[in-house]
Structures are given as structure tokens and as C-alpha cells.
Amino acid sequence: MSYETIGKVRVWGKVDESALKQAQTCAHYGDVVQTLLMADHHKGYSQPIGGVVAYDGQISPSGVGYDIGCGNKAVRTNLIADDVKPRIKQIMDEIGRKVEFGIGRVNVHKVDHELFDDPDWSVYRQISGNVHDKLKKLARDQLGTVGSGNHYVDIFEEPSTGRIWVGNHFGSRGFGHKTASGFLNLAAGRDFLGKAPGESMDQPPVLLDLDSETGDMYYRAMKLAGRYAYAGRDYVIGQVLGILGATSDFEVHNHHNFAWKERHEGKDCIVVRKGATPSAPGQLGFIGGSMGDISVIVRGKNTAENGEAFYSTVHGAGRVMSRTQAAGKMNWKTRVRLGGEITEERMMSAVQKFGVELRGAGTDESPFVYRQLREVLDAHSETLDVLHTLKPIGVAMAGANEFDPYKD
């Protein structure tokens, strides 16, 4: 087997001690079946990113996290690289103009979607009419916006075939964040829309019994936020296909901040994956690298080790440098950054060398702050097959100095 067991945690890849400490804390709270760290693991809020915790009858809003349903979608288009590369600058300019990036952004073209008739909106009305109306309006306003942090829209070339792919990465936006903070408030006895005190990155997980009223409401709200994230990614992929004048003939779409009801090692479990991709035998996944690295389409293997991973794998390359370490500390009054190990010149040199047309992004998202994707994939070689290797030729993200208190 290519993992090691440290205490009560199964660990793939190189150990990050701060993430391991968080995982060990998770392993000792609640009715835990198993705790795992994928090879891209690093420190997160309460549950590490790249962390998987399987519970018996419990769910963790802090484990799922604030960006409920964050995930990736990729589609293969009918275009080839020779059709796109000569006009990649104009294409990326148009993506930058038409796709809304950034915290708090709203979609100028409001999207009417069947999701807004979903019966699970009744969860919010159970809490109060004010909560229902505020969150539904926010969700309507932001559907089809991408956000900031490590969220992106990419144009890829598949070198082996010359085919052009489109991919994106983001989640449930402000709606998901307010859902998460609201249920964390309820669990602590506060009002859903109340102001929460500062919370520690290393605090134990917040747990709800799934058969409790609050646990059932959270589970339904989480699934609704997940469907919302899917709808947003679908919308943005459609925008980019329109810009390209392309159609698609194959797609892969998955969450990596979510909780699933699954059966593992003979037990029914609630599997909370934070920054971890489901990889059941035959299941497809899209895993993104940095702006200067490959991305891949993978398929879960039917192996004993994949079962021991609770059918989970990486969601990306994994950070090795904090945002402040990379970009420096921003004074938001003067809008001047001080310090930072990665200069814009160094980032742009690397990106241009890799052949990427970049729009937006700061040095805190440069290739230097991430592991190499191949490294973490190799750690999971017994659990997944790589079906398609994709090289970015265009990357669009929120602007370098976009204020986002929720960056992961």
C-alpha cells in the first residue's frame, strides 16, 4: 500500500504536520469511522484541506466548510488547438469582460433556473422568512459568478490529441458561505444571521447528528447549495463555449467540499470530503493543477487501496506556501503590499514560459505556491488512472488585489 497510518489517520503523500495535527483532532471527536489525508493535504479551517472524515450518523458543517459544493467541471470541445491559439489573447480578453470574477460580484444577466423552485428552499423558511428571502435573493444575484481565491476559468489543450477543453473551479458563492456560517451559528446557539466570534483554525469539528432537526436541515441545505454550485459551473462553461463558438461532446463534473451518504468497510457512513475528490471505481474526476502545471481527467480504480481510501483522491496539487508568504501582507487602506517571496515578474516569467495567457490572479496563486500535480497523483497511483492530461493555454481569475476574506 502507498499510504501510512499515523495514529488514527491514513496519510497519502508527504506529511504536512499542521494538517496532520488537525486530522488527528478530527479523528478524536464524534463517532468517527475513519480519518484520511489525501496527498495534496494542507491546513484548513477545523478539518484540513485534502482531509476526509467518515462519521457514523453525524455530519460536520465545519468539515464541509464555507464553500459548500466547491468543485470542478471540464468539457471537451469540438475545436483543436490550431483553431484557438492564434486568437487566445482575444478569447481571454472576452472571458475577462463577460465572466464575473470576484467576491460579492453579481451576475448582470440574471439567470432563471429551476433550482429556485426546489422544495429544499423550505429549510430556510423554517428558520425564518427573512433568512429565506435574503439567501434566495443572494443566490439569484450571484448565480453564474466565479468568485476569487483559487477559483478559475481555464482553456486547455490536450497535447496528445490537439483537442481544446474548457474547465472551471468554484462553488456556491455567498449563498453557500452564509448557509455554512448560519448552521455553525445555530449549532452554537446563536441566530442564523448573527455575527460569529473569531474562530480558531485548529478548533475541533462542529458536529450535528443527522437524525436531529438541525442535522437534517443542514444536510438538505448543503445538497441545495451543491446543486447551486453545479448550476453555476454549468452556466459559466456555457458562457465560455459561446465565446469560443464551440460545442462539447464529453464532460466531467464533481464536488470536493461536500458530505455523502456511502457504505465503506461494511458500515453506512457520512463521508465529509474537504478538498478531496470522490473516486469510486469507474467514477470520473477533473483535478486541476496550478496555472503553470497540467490538469487531468481521472478514473477511480477497483482496487483494495482505493477502498481503503474510502474512494477519495486529491482535488488539486496542494499549497506549499501561504498566501501572505507568497504575496506579502496587504494594507487595505493604502492598498500597498509589503513583503512576499514571489514577485509579479517571477510569476509572469514562469507563466509565459509555460505558454499561458493569463488574466487576473496574484502571486498568491502563482505556480510556486503549489506542489507539482504529478507528485500528488503518483502518491495515488494505486487508486486512480489518468485518462486525459491537459495543458492550460489560457487562465482567468479574479484580480490580484481582490479583497476576499474567505480565500482558502
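The values are calculated or read from the model by the stated rules, or taken from the named source; none is laboratory data. The model shown is predicted, which means the values in this text are computed figures rather than measured ones. Glycine gets a Cβ as well: all are built from the backbone with ideal geometry, and neighbour counts include every protein chain shown. Accessible surface is based on the protein model in full, side chains and every heavy atom, while ligands, DNA and RNA are left aside. Shrake-Rupley method; radii C 1.70, N 1.55, O 1.52, S 1.80 Å.
Hey, can you grab everything whose amide H is under 5 Å from the amide H of Phe250? Only 5+ residues off in sequence or another chain; H modelled, so Pro and N-termini drop out.
Arg76
For the chain, what is the percent of antiparallel DSSP beta bridges, rounded to the nearest 5? Before the final figure, lay out each step's value.
On the way: 68 of 76 bridges.
The answer is about 90 percent antiparallel.
Name the residues whose placed amide hydrogens come within less than 5 Å of the amide hydrogen of His388, ignoring near sequence neighbours (fewer than 5 apart) on the same chain.
Here the answer is Ile297, since their amide H atoms fall under 5 Å of that of His388.
To the nearest 20 Debye, how big is the dipole of the chain about its Cα centre, given +1 on the beta carbon of each Lys and Arg and -1 on that of each Asp and Glu? Walk me through the numbers on the way to the answer.
Details: 48 positive and 51 negative charges, 210 e Å.
Charge dipole, the chain, about its Cα centre: 1020 debye, nearest 20.
Among Lys21/Lys178; Lys134/Lys261; Lys73/Lys223; Lys21/Lys223; Lys89/Lys391, which pairs are too far apart, with a Cα-Cα distance over 23 Å?
Violating the 23 Å Cα-Cα cut-off are Lys21/Lys178; Lys134/Lys261; Lys21/Lys223.
Of all trypsin sites (Lys or Arg not before Pro) in the range 185-260, which ones are in loop regions per DSSP and have a Cβ with at most 11 other Cβ atoms within 10 Å?
Taking the range 185-260 and a limit of 11 other Cβ atoms within 10 Å, the loop trypsin sites (Lys or Arg not before Pro) found are Lys195.
Quick one: which residues, 5+ away or cross-chain, put their amide H under 5 Å from the amide H of Gly71? H built at 1.01 Å from N.
Amide H to amide H, under 5 Å and 5 or more residues apart or across chains, Gly71 pairs with Phe170, Gly171, His256.
Along the charge dipole of the chain, which of Gln372, Ala19, Tyr235 sits closest to the positive end, that is, farthest toward it, with unit charges on the beta carbon of Lys, Arg, Asp and Glu (+1, +1, -1, -1)?
Tyr235
Can you work out ³J(HN,Hα) from phi for every residue in the range 35-44, in order, using Karplus 6.51 cos²θ - 1.76 cosθ + 1.60 and θ = phi - 60°, giving whole Hz and x for Gly and Pro?
Going residue by residue, I get 10, 9, 10, 7, 5, 9, 5, 7, 5, x Hz, with x marking Gly and Pro.
Quick check on packing: order 27-38, 287-298 by the mean number of other C-beta atoms within 10 Å, highest mean leading. Before the final figure, lay out each step's value.
Working: 27-38: 20.5, 287-298: 23.4.
Averaged packing, sorted descending, gives the order 287-298, 27-38.
Over what distance in Å are the Cα centres of the range 133-162 and the range 219-297 separated?
Between the Cα centres of the range 133-162 and the range 219-297 lies a distance of 12 Å.
For the chain, set up a Gaussian network in which alpha carbons nearer than 10 Å are linked by springs, and say which option among Thr343, Thr161, Thr363 fluctuates the most.
Thr161
Once you keep just the Cα pairs under 8 angstrom separated by 6 or more residues, what percentage relative contact order results for the chain?
Relative contact order comes out at 24 percent.
Using the Karplus equation 6.51 cos²θ - 1.76 cosθ + 1.60 (θ = phi - 60°), what ³J(HN,Hα) coupling, rounded to whole Hz, does each residue of the range 102-107 give in order, writing x for Gly and Pro?
Per-residue couplings from phi come out as x, 5, x, 5, 10, 7 Hz.
Using a 1.4 Å probe over the heavy atoms of the protein chains, calculate the carbon and sulfur portion of the accessible area of the range 42-131 as a whole percent.
On the range 42-131, the fraction of accessible area on carbon and sulfur atoms equals 47 percent.
What list of ³J(HN,Hα) couplings, whole Hz, do you get for the range 139-156 from phi and the Karplus terms 6.51, -1.76, 1.60, once you set θ to phi - 60° and write x for glycine and proline?
4, 4, 5, 9, 4, x, 10, 9, x, 10, x, 9, 8, 8, 10, 10, 9, 10
Using mean Cβ contacts within 10 Å as the protection proxy, how do 163-170, 204-211 order, highest first?
Details: 163-170: 25.2, 204-211: 18.8.
Taking the mean over residues of other Cβ atoms within 10 Å, the ranking is 163-170, 204-211.
Round to a whole number: what % of the accessible area of the range 279-401 belongs to carbon and sulfur, probe 1.4 Å?
Working: 2490 of 5030 Å².
Reported share for carbon and sulfur atoms: 50 percent.
With every protein chain kept in place and ligands, DNA and RNA left out, what is the accessible area per residue of the range 154-223? Probe 1.4 Å, answer in Å².
In whole numbers, the range 154-223 has 39 Å² accessible per residue.
Could you give the dipole magnitude of the range 101-162 about its Cα centre, charging the beta-carbon of Lys and Arg +1 and that of Asp and Glu -1, in debye to the nearest 20?
500
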